[in-house]
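Report on the following structure.
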Amino acid sequence: MLLFVLAQIDIANLADKRKDITFLPYTPSERVQVAESVKNLFDLYVHRQQKIDYYGAEFTNIDPVPRAAQLQSNAEALTDEEFHLRYSYLFRSLRDFHTQYYFPAPHSCWTAQQPLIFEFATKGKIDPLNPVVVVASFSPQSTITVKGVDIGDELVSFNGLSFPDFAKRNAFVFGGANEFGAQRAALKALTMRYGKILPMPEEDTAVFVLKKQSGQTIRLSVPWQVFALQDCLTNSASVSSASRPSLDHFSKFFSYKQSLQFITTEEPIITYAIYNPQRENLGIIKLESFVPGNGSVEHAFNILRDLVQTVLSDTNAIVIDLRSNGGGSILLADLIPTIFKSDTKVLSYNAINTELSRSLLLSVFGAKWTEPVKNTKSGDKFVANGLVDTNLEVNHLGAVYFKPFGILNNAECYSACDLFSANIQDNDVGLVFGEDGKTGAGGANVLATDFLSTYLPKDFPPFPFNTQLKEDAQGLRVSYRQMVRRSNKLIEDYGVEPEFIVRPTVNDIIAGSRDSVWQFIAKALDKYGRDRKINNVVFDAKPLSSYYYKGTDVVISVTSSGIQNLKALVQGKTAVDFDFKSLDSTKYTLTIKTDDLESGYVRIDFVGTNGKTFVVQTYLWIYLLPEPSKWIEATSVPLLLNFDTPSFTLVNEFTLPENGWQRQGSQMQILNYGPSVNSAATFTIANAQNPTVTLKIEYDFDPSSHAVLVARTEAGFQQLATFVKQGSSSESYQIAASGPVDVALLFQSSSESRGNGVVVTELSIKK
């Protein structure tokens, strides 16, 4: 069943409201301005040639550039309605949901709906391109009562067309990359038209022919109804300040109610359940989006990792349900696979090779695109092989779940959801199940109006009524950097093809369950696990401490099962190698010597095998501090520290050394930093009673970056100072301690950060 929740609405028949679903008047010069922005937008459009190659045979005039030029030449003469509808169709016909033309208010305030909600199902063998379309629910928001219709009734035709014909005929109207994306877009369009991106239905009434379970057919003529957010209508009428939910917010109104009860977590996008009616013991994680709803990407990742490592650790297998996940953070989509497999590889990206595109790459996206731009020749179509995330940035932690894993998606799995599906498949993390033959094939990240107006104000000036209407004003969005899979194949249009296609049965829909789907997935994952000898594999390793001084033993507590041989490797050498007497669950400790290891972050790798089959490959990190001979003795007078001595250690956590702290003569600095820098400058003070540290520092950070001076004693951590935004400081900080003290100056930037940096001109200590 579908749940629908919306506040402040005005519901009426479309026929009675058509006169109100209009556009605010633009002057001829304002239409020309919008047309010029569209022209500039396509100078950034990375999929132009891809669309010509993929759809050219079906749509001979698909190239958006000459079509946009023709519209621009007529912009002054067109009416507001003609102007917006023609540009909207140009964008929609590209079949690229990342590249959008957003209508302004009041048209954008309205949504058309029908009382019926349909879903794809199966009555036997699945034919992906000829789906069984059945009534799955009734919209509680509708004021129309449809008599004689039951859940599970099959759609025979809509306005005289079978569903496959309706979807094919409107593929360049409703959009949707590839045939499966077009079908999902058409399925929504049967009963819902969002006025932000789609015109209202041409007809006032829709005609449905349905077939009941008994075989009887019924014909329904149902008027389209429309609803609008009242504040949006009020604001567009008065052209005053307003805000309203974005298009993405509307997708949150719908969620499928199932007999299986899902449990919430601290992160709203993550819920979970355990399916176990016949001892399947299948852990199911529902991931609604890749946009965290309650905190940062890192916070969402940690919640999901902890869920897998604790609550779901005893399951036989885990599947992540991604159906209708519209995407979001690329970083989150790159991080999550590392929970199930260590050392995954990220995708690369291409941007179109134009002057406007290259300038944007260098001025905004920084170091990760410097070399790709430098290596691009004038005749190249793309600036190729750039990165959004690096392998180093996403592989923070080793895998924690080694039993069978899979994902379930459909053709509404889009953008970051496409990327995540490709990451799972390309890195051989687990099985890909799909309700459709491909994912939604949204293979790019996007630039939207607010971003473009900020960084390219001359090319993208504010749209008409932008100041007054804010989110209800005109908007544009463009696919800018296209995702390239490890096979060198694009995600755009091609999507990710599942290993198994699985859809709910009609009986599932009637019962409000997905039993047949979960049972199929559980059996497939069980076979997958038996083939790979991983069905009973558990490996959990925890060091007794995260910090050790060089020369002391690292002690690690381990619980494992399903492993015949285990090796631990440190800095290229085998530290542990032993065989287990059985595959049963065992608890034990490992001891690793540190005398010959280098200080700093130390990665300890674990490789477990069952016969000749690798069943565990993971790692953990410890922080190895310098041995006592390199500790610094505090004196009664200030001792000025030399940054070049062995006592002073620079440590970069998942950060390239050239991006972290640098020794520069008598100074230490990080200049012109980019995203995801995590670097520490550390030293240890020998036994001293309450030593004092004096720091002279100058800094200029973006809002999401900071530096922290911190001390670690036997009693724990003491945060001495935090440096944010811009400033300088020359302060002394006393540390409450009587034994050795580890001092660190940490610098961290977020995944989106850029800034000038920080310079330490002097650091001294005294008793």
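The values are calculated or read from the model by the stated rules, or taken from the named source; none is laboratory data. Note that the coordinates shown come from a computational prediction; the quantities given were computed from them, not determined experimentally. When we count neighbours, we look across all protein chains shown, and the Cβ atoms used for this are built from the backbone with ideal geometry, even at glycine. Areas reflect the complete protein model, heavy atoms only, side chains present, ligands, DNA and RNA absent. Shrake-Rupley method; radii C 1.70, N 1.55, O 1.52, S 1.80 Å.
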Qualifying position, being open to solvent by less than 20 Å² (accessible area, probe 1.4 Å) and under 30 Å from E119 (Cβ atoms), among A568, A522, A511: A522
Test: residue in the range 134-141 that is assigned to a helix (DSSP H, G or I) and at pLDDT below 95: no
Failed condition for V429, given (1) among the aliphatic types (A, V, I, L, M); (2) in contact with a strand residue (DSSP E or B) (Cβ under 7 Å, 6 or more places away or on another chain); (3) open to solvent by less than 10 Å² (accessible area, probe 1.4 Å): (3)
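Let's see how each residue does on (1) part of a strand (DSSP E or B); (2) under 23 Å from P646 (Cβ atoms); (3) out of contact with any Cys (no Cβ under 6 Å at 6 or more places or on another chain):
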{"position": "N536", "(1), (2), (3)": "no, no, yes"}
{"position": "A568", "(1), (2), (3)": "yes, no, yes"}
{"position": "D584", "(1), (2), (3)": "no, no, yes"}
{"position": "T594", "(1), (2), (3)": "no, yes, yes"}
{"position": "R603", "(1), (2), (3)": "yes, yes, yes"}
Hits in the range 467-487 (condition: open to solvent by 60 Å² or more (accessible area, probe 1.4 Å) and either among the β-branched types (V, I, T) or closer than 30 Å to L229 by Cα (or both)): T467, Q468, K470, E471
Residue match in the range 247-269 (condition: at pLDDT 95 or above, touching a His at 6+ places or on another chain (Cβ under 9 Å) and buried (at least 16 other Cβ atoms within 10 Å of the Cβ)): yes
Extreme residue, modelled with the lowest pLDDT, among residues of the range 583-616 that are open to solvent by less than 20 Å² (accessible area, probe 1.4 Å) and in contact with a Phe, Trp or Tyr (Cβ under 8 Å, 6 or more places away or on another chain): G600
Within the range 659-715, strands (runs of 3 or more DSSP E) holding 1 or more residues that are closer than 24 Å to K550 by Cα, modelled with pLDDT of 90 or more and open to solvent by 20 Å² or more (accessible area, probe 1.4 Å): 662-664, 678-685, 706-713
The one condition in (1) touching a residue at least 60 places away in the same chain (Cβ under 8 Å); (2) more than 38 Å from the chain's Cα centre (by Cα) that S629 fails to fulfil: (1)
Unique residue being within 22 Å of Y548 (Cβ to Cβ) and open to solvent by 30 Å² or more (accessible area, probe 1.4 Å) when the list is Q748, Q718: Q718
Selected residue (criterion: nearest to L287 (Cα to Cα)) from residues of the range 410-441 that are part of a loop (DSSP other than H, G, I, E, B), of a type in the set (A, V, I, L, M, F, W, C) and within 17 Å of the chain's Cα centre (by Cα): C413
Only one of R67, R92 that is over 22 Å from A473 (Cβ atoms) and open to solvent by less than 70 Å² (accessible area, probe 1.4 Å): R67
Selection from the range 143-155 of residues that are in contact with a strand residue (DSSP E or B) (Cβ under 8 Å, 6 or more places away or on another chain) and open to solvent by 20 Å² or more (accessible area, probe 1.4 Å): T143, I144, V146, G148, D150, I151, E154
The range 51-61, subset of a type in the set (A, V, I, L, M, F, W, C) and modelled with pLDDT under 95, residue surrounded by the fewest Cβ atoms within 10 Å (Cβ to Cβ): A57
From the options D389, D436, D418, residue that is touching a helix residue (DSSP H, G or I) at 6+ places or on another chain (Cβ under 8 Å), among the acidic types (D, E) and either on the phi > 0 side of the Ramachandran plot or surrounded by 24 or more Cβ atoms within 10 Å (Cβ to Cβ) (or both): D436
Boolean, R193 is in contact with a Pro (Cβ under 9 Å, 6 or more places away or on another chain), buried (at least 17 other Cβ atoms within 10 Å of the Cβ) and within 29 Å of Y55 (Cβ to Cβ): yes
Subset of the range 153-168 (residues that are under 14 Å from V222 (Cβ atoms) and among the small types (G, A, S)): S157
Counted residues, the range 327-355 - those being on the phi < 0 side of the Ramachandran plot and touching a Ser or Thr at 6+ places or on another chain (Cβ under 6 Å): 7
Condition met for G430 (closer than 27 Å to D53 by Cα and touching a residue at least 12 places away in the same chain (Cβ under 8 Å)): no
L360 vs. criteria surrounded by fewer than 21 Cβ atoms within 10 Å (Cβ to Cβ), over 23 Å from F433 (Cα atoms) and among the aliphatic types (A, V, I, L, M): no
Criterion: charged (D, E, K, R) and assigned to a helix (DSSP H, G or I) - qualifying residue of K168, K147: K168
Single unsatisfied condition, Y547 versus (1) under 32 Å from the mean Cα position of the chain (by Cα); (2) surrounded by fewer than 20 Cβ atoms within 10 Å (Cβ to Cβ): (1)
Residue that is farthest from Q482 (Cα to Cα) [pool: residues in the range 66-90 that are part of a helix (DSSP H, G or I) and free of Cβ contacts under 8 Å to residues at least 24 places away in the same chain]: E82
Residues located in the range 571-582, provided they are under 38 Å from the mean Cα position of the chain (by Cα) and surrounded by 16 or more Cβ atoms within 10 Å (Cβ to Cβ): A575, V576
3 or more residues under 20 Å from the mean Cα position of the chain (by Cα): qualifying helices (runs of 4 or more DSSP H) within the range 285-390: 297-309, 330-335
Considering residues of the range 488-508 that are closer than 29 Å to G152 by Cβ and hydrophobic (A, V, I, L, M, F, W, C) only, the residue surrounded by the fewest Cβ atoms within 10 Å (Cβ to Cβ): F500
Subset of the range 525-544 that is touching a residue at least 24 places away in the same chain (Cβ under 8 Å) and out of contact with any Ser or Thr (no Cβ under 9 Å at 6 or more places or on another chain) - its residue that is most open to solvent (accessible area, probe 1.4 Å): D526
